[in-house]
Amino acid sequence: MRMAIGVILIIGALILAYLGITGLQESTSAVNFLGIELRAEDSGAKQVAIIELIGAIVAFMGGIYLLSSKKR
């Protein structure tokens with residue numbers, strides 16, 4: 001049972017990491033207009049992406065812990 005939950009956590013961590021990275025990249029846009037770079041950021045989307053990345057790290061660590069722990 002522990003092994004199955006650990007694998008599910010790792011797969012969920014990979015999905016969250018993908019969503020976080022793509023969300024972080026899409027939260028910022030830049031346009032060059034007459035030699036001037038105009039930049040716009042969506043701070044709400046950036047916060048959500050960072051939370052997804054933190055969740056991915058926690059889920060990955062939990063999955064590794066469950067897979068590496070020995071039965072007692």
Using a cut-off of 14 Å between beta-carbons, work out the net charge of the residues near Ala30 (Lys and Arg +1, Asp and Glu -1, Ala30 not included).
-3
Tilt of helix 2-26 relative to the longest C-alpha principal axis of the chain, in degrees (0 to 90, nearest 10)?
0 degrees
To the nearest 0.05, the calculated FRET efficiency linking Val58 and Ile36 through their beta-carbon distance, R0 being 30 Å, is 0.15
How many percent of all Cα-Cα pairs in the chain sit more than 14 Å apart?
65 percent
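None of the figures in this text is laboratory data; all of them are computed from the coordinates on show. Computed from a prediction, not measured in an experiment: that's the story for all the values here. Ideal geometry is used to build each Cβ from the backbone, glycine not excepted, and the neighbour counts take in all protein chains shown.
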